[in-house]
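Notes for the one structure printed next.
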Amino acid sequence: MKILAITSCPNGIAHTYMAAENLQKAADAMGIDIKIETQGSIGVENEFTQADIDSADGIIIAADKTVNKERFVGKPLTAVGVQQGINAPEQLIQRIVDGQASIHEESGQHAGEDAGSGSGGKGQNAFYRHLMNGVSYMIPFIVIGGLLIAISLTLGGTSTPEGIQIPEDSFWKTIENIGAASFSFMVPILAGFIAMSIADRPGLAPGMVGGYIAMNGSFYGSEAGAGFLGGIIAGFIAGYIALWIKKIKVPSVVQPIMPIIIIPVLASLAVGLIFVTVVGAPVAQIFESLTNWLQNMQGTSSILLALILGGMIAFDMGGPVNKVAFLFGSAMIAEGNYEIMGPIAVAIAVPPIGMGIATFLNRRKFAATEVETGKASFTMGLFGITEGAIPFAAQDPFRVIPSNMLGAMVGAVIAMMSGVGDRVAHGGPIVGVLGAVDNVLMFFVAIIAGSFVTAITVNLLKKEVGAEPALAGVPGKAADERKEEKPAGSQQPEPESENTDLHSLTNKNLIQVNVEAETKEQTIDELIDLLAAENVLTSRADVKEAILEREAEGSTGIGMNIAIPHAKSTAVKEPRVVFGVKQEGVDWSSLDGTEAKLIFMIVVPKESEGTQHLKILQMLSRKLMDDQYREQLLQVTSTDEAYELLKEVK
C-alpha cells in the first residue's frame with residue numbers, strides 16, 4: 001500500500017516538519033510506503049508527481065491552513081489539523097488502510113476535511129482576506145489594460161482639440177482596444193475571486209456573473225454601472241450564497257453535480273436577481289456620485305485627498321491601510337480618473353527611495369547593516385515596492401514611519417496639484433519610464449521632493465549610531481576591533497552563510513544546562529543574556545520584543561516538553577541558536593499541555609534573505625521527534641555533553 005501525506009502549519013515551520021517526521025516513523029513501523037510533501041515557509045518540498053498520485057491508495061492532509069485538494073479527485077482522502085499528524089499518525093494511516101476515508105470529489109468537502117479557503121483564519125479579518133484575494137487577481141488586468149493603452153497613446157496618438165486620439169485605422173487602435181478589453185474584466189474578476197475565497201471553486205462563476213451585472217447598469221436601468229463597489233458587494237453575496245448551498249445535505253447521487261451545476265446555477269441566479277431588483281441601482285447611484293465628486297475635486301479638497309492617500313500608503317507600507325488606498329486608486333483607473341492613482345503612484349515610491357537616500361546622506365545615523373539595506377531599499381523604490389522601507393520602520397518605527405508619511409504626503413500633494421495621472425495600478429519611477437504617467441516631469445519632481453523630505457526628516461530625528469555599533473561592555477569599540485577578545489575557551493565559529501547545521505550556529509557559551517528562571521519571560525531573558533555576552537546583539541530589548549511578538553502570534557511551545565522561541569530582528573548581527581535545559585519545566589502554553597524543559601532560542605538578522613533559520617527549525621523539529629534523543633538531552637549534566645549531542649542535528 002502507498003499513501004501520500006501533506007503537512008503544513010500556519011507559520012510553516014516546526015509543526016509542519018514534526019508532523020511529517022511522526023507520519024514517516026509511524027508508516028515505517030506499520031510497513032506502509034509513504035511519501036510526504038511539506039508545505040512550509042521554505043516552500044513546497046518533496047512535491048508529488050502525477051505518477052505518485054496515480055499510484056496512491058489514499059491521501060492524508062495534516063494541515064492548519066488551506067491545501068489545494070484538486071489533485072486528489074477520486075482518491076480516498078482524510079484531512080485533519082497538523083496537531084493530529086503529530087499526536088496520532090498511526091490512527092490517520094489506519095484510517096486509509098481500513099478504507100474509512102471519503103472519496104474526494106471535485107471542489108467538494110467532506111466531514112473531517114478543512115473548510116477550504118472560506119474558513120476563518122486566525123489573526124486576520126475574514127472580510128479583508130476575501131477582499132484582498134479578489135484584488136490580487138484583479139490587479140494584473142488593470143496593469144495590462146493601463147500599460148497597453150498608455151503605450152498605444154504614446155506611440156500612436158495624435159493631438160486633437162479633444163485631447164490625444166488614436167486614428168481608427170491605426171495599428172495602435174488595435175493595441176488600445178486590447179487594453180480596453182483587459183479593463184472590461186476588472187470588476188467580474190474582482191467579484192469572482194472574492195466569491196471563490198469564500199466558497200471555493202463553486203463560488204467563482206456566480207461571483208463573475210454578479211460582477212458583470214454590477215458593471216453593466218443596463219440590467220437595472222442605470223446609465224452607469226455600480227463599478228468596483230458593486231463588484232465587491234456582488235462577490236460577497238455570491239460567495240456566501242454558494243457557501244450556504246454547499247452546506248445543504250443532498251443525496252449521494254446528486255453530490256457529484258453540486259459543484260459544477262447546482263451551486264453555480266442557483267448562486268448565479270440568486271445574485272443576479274438580488275442585484276437587478278434590490279442592490280444595483282442604489283449602489284450605482286452612490287458610485288456615480290463618488291466618481292463625480294472625485295473628478296470635480298479642486299483646490300483645498302483635492303489637496304486634502306492627496307494628504308490622506310499619501311499618508312495611508314506610507315503608514316504600513318504594503319499593509320491593510322496601504323491596500324485600501326491602493327484599491328481606491330486602482331478602481332478610479334477603470335472609471336477613467338487617472339489623477340487619483342497619480343499621487344498614489346508617487347507615495348508608493350517615496351518611503352523606500354527616501355530611506356535609501358537617508359543612508360546615503362548620513363551614514364553615521366545608521367548601522368552598517370542598515371546602510372546595505374538602504375541600497376536595496378532605494379532599488380526597490382525605483383520599481384514601486386514600498387515594502388523596501390519596512391526594515392527601517394521595524395527597527396525605529398517612531399522616527400521612520402512619521403518621516404515616511406510626511407514625505408509621501410508632500411509628494412502626493414505635488415502630484416495632485418500638478419495634475420499627475422497614472423494609467424496603471426502600480427507606482428514608482430518604472431511606470432513613468434514605461435509611459436503610463438500623464439505629466440511625467442512633475443511625477444518625477446514629486447517623487448524626488450517627497451523622497452528628500454523623508455530622508456532629511458529621518459536624519460534630523462535619528463541619533464548618530466556610528467558606522468559600526470559598539471559592543472556590549474566595551475563602549476566605542478567596533479566589532480572587528482574585538483574579534484580577538486573573545487573569552488578563553490570560546491568555541492564560536494566564524495559565521496558561514498552556507499552552513500545549515502545546528503553546530504555552525506551555536507557554541508558552548510550559548511548553552512545553559514541548568515536554567516534558573518521560573519517563568520517563560522524570565523527564561524527568554526536568561527537566554528538572551530547569553531547572546532548579549534557573545535556580542536551578537538545591538539539591542540537585547542529589541543530582540544526580546546521580537547521574540548515576545550512571535551509568542552503573541554501563537555506559542556512556540558510545540559509539545560513533548562519542547563519550546564523553540566525564535567525571531568528575526570535588526571538588532572541581531574549574526575544567526576545564533578541558544579539551548580537551555582530546565583528540569584522542572586516552565587509553563588509555555590504548549591499545545592499538549594506539557595511544560596517546556598528543552599528550550600531552543602533561534603535569532604537571525606531581520607534583513608537576512610536566506611532560509612537558514614527555517615532549515616535549522618526543520619532539522620531540529622525532525623530530530624526532536626526521536627524519543628531517545630530527547631531523553632538524552634534532558635539527562636545532560638554539563639555543557640560539553642550537551643554540545644556534543646547538538647552536533648547530531650544535521
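Mind grabbing the accessible area of MET405 for me, 1.4 Å probe, Å², rounded to tens?
Number for this one is 50 Å².
Can you tell me which of 17-30, 267-280, 509-522, 245-258 comes out highest on packing, and rank the rest after it, using the mean Cβ neighbours within 10 Å?
Packing proxy ranking, top to bottom: 17-30, 267-280, 509-522, 245-258.
Quick one: pull the percent of accessible area on region 129-275 belonging to carbon and sulfur, 1.4 Å probe, ligands and nucleic acids left out.
70
In nm, what is the difference between 0.36 nm times the number of residues separating GLN522 and GLU641 and their Cα-Cα distance?
40.4 nm
How charged is the neighbourhood of LEU633? Take every other residue with its Cβ under 12 Å from the Cβ of LEU633, and add Lys/Arg as +1 and Asp/Glu as -1.
Net charge in that neighbourhood comes out at -2.
Taking θ as phi - 60°, what are the ³J(HN,Hα) couplings along region 599-606 by the Karplus curve (6.51, -1.76, 1.60), each to the nearest whole Hz, with x for Gly and Pro?
10, 10, 9, 10, 10, 9, x, 4
Of LYS365/LYS647; LYS25/LYS597; LYS75/LYS247; LYS375/LYS462; LYS25/LYS544; LYS25/LYS249, which ones are farther than 29 Å apart at the Cα?
Violating the 29 Å Cα-Cα cut-off are LYS365/LYS647; LYS25/LYS544; LYS25/LYS249.
Which shape class, rounded, prolate or oblate, goes with region 502-647 when its Cα gyration tensor gives a ≥ b ≥ c as root eigenvalues, a/c under 1.5 marks rounded, and past that a/b bigger than b/c marks prolate?
The shape class here is rounded.
Heavy-atom accessible area of ILE456 with all protein chains present, probe 1.4 Å, nearest 10 Å²?
Surface accessible to solvent at ILE456 totals approximately 90 Å².
For region 401-414, what does the Karplus curve 6.51 cos²θ - 1.76 cosθ + 1.60, with θ = phi - 60°, yield as ³J(HN,Hα) per residue in whole Hz, taken in order and with x for Gly and Pro?
4, x, 5, 4, 5, 4, x, 5, 5, 4, x, 5, 5, 4
Quick query: amide H of ILE6 versus all other amide H atoms, modeled in the peptide plane; which residues come in under 5 Å with a sequence gap of 5 or more or a different chain?
GLU37, ILE60, ILE61, ALA62
Counting only heavy atoms of protein chains, what accessible area per residue, in Å², does region 525-650 have with a probe of 1.4 Å?
I get 39 Å² per residue for region 525-650.
Name the residues whose placed amide hydrogens come within less than 5 Å of the amide hydrogen of ALA571, ignoring near sequence neighbours (fewer than 5 apart) on the same chain.
LYS606
Among 438-444, 572-578, 421-427, 502-508, how do they line up by average Cβ neighbours within 10 Å per residue, starting with the highest?
Per-residue mean Cβ counts within 10 Å order the peptides as 421-427, 572-578, 502-508, 438-444.
Carbon and sulfur together cover what percent of the accessible area of region 315-461 at a 1.4 Å probe radius?
73
Averaged per residue, what accessible area in Å² does region 315-461 show with a 1.4 Å probe, protein chains only?
34
Please list 3J(HN,Hα) in residue order for region 619-634, calculated via the Karplus relation 6.51 cos²θ - 1.76 cosθ + 1.60 where θ = phi - 60°; whole Hz, with x for glycine and proline.
5, 5, 4, 5, 5, 6, 6, 7, 4, 5, 5, 4, 5, 4, 5, 5
At what distance in nm do the modelled label points of ASN362 and ALA532 sit from each other, each positioned 7 Å from its Cα along Cα→Cβ?
Going by the 7 Å Cα→Cβ label model, 2.8 nm.
Given labels modelled 7 Å from the Cα in the Cβ direction, how far is it in nm from MET30 to LEU461?
So the label points at MET30 and LEU461 sit 5.7 nm apart.
Round to a whole number: what % of the accessible area of region 2-100 belongs to carbon and sulfur, probe 1.4 Å?
Heavy-atom surface of region 2-100 belonging to carbon and sulfur, 1.4 Å probe: 44 percent.
Return the whole-Å distance between the Cα centroid of region 382-440 and the Cα centroid of region 16-48.
After rounding, the separation between the Cα centres reads 44 Å.
Given a 1.4 angstrom probe, what's the average accessible area per residue across region 2-100, in square angstrom?
With the other protein chains kept in place, region 2-100 gives 38 Å² per residue.
Please give, to one decimal in nm, the separation of the simple spin-label points placed at MET619 and VAL278, each 7 Å out from Cα toward the Cβ.
5.9
What is the packing order of peptides 338-346, 359-367, taking the mean over residues of other C-beta atoms within 10 Å and listing the highest first?
Descending packing order for the listed peptides: 338-346, 359-367.
What are the residues whose amide H is under 5 Å from the amide H of ILE34, where those residues sit 5 or more places off or on another chain and H is modelled from the backbone?
Under 5 Å from the amide H of ILE34: ILE3.
Would you please give the FRET efficiency between GLN91 and LYS2, computed as 1/(1 + (r/R0)^6) with r the Cβ-Cβ distance and R0 = 22 Å, to the nearest 0.05?
0.75
Using only Cα atoms, locate the centre of region 355-370 and the centre of region 143-214, then give the distance between them in Å, rounded to an integer.
42
The values are calculated or read from the model by the stated rules, or taken from the named source; none is laboratory data. Here the structure is a predicted model, which is why all the values come from computation and not from measurement. Cβ atoms come from the backbone with ideal geometry, glycine included; neighbour counts cover every protein chain shown. With ligands, DNA and RNA removed, areas are computed over all heavy atoms of the protein, side chains included. Shrake-Rupley method; radii C 1.70, N 1.55, O 1.52, S 1.80 Å.
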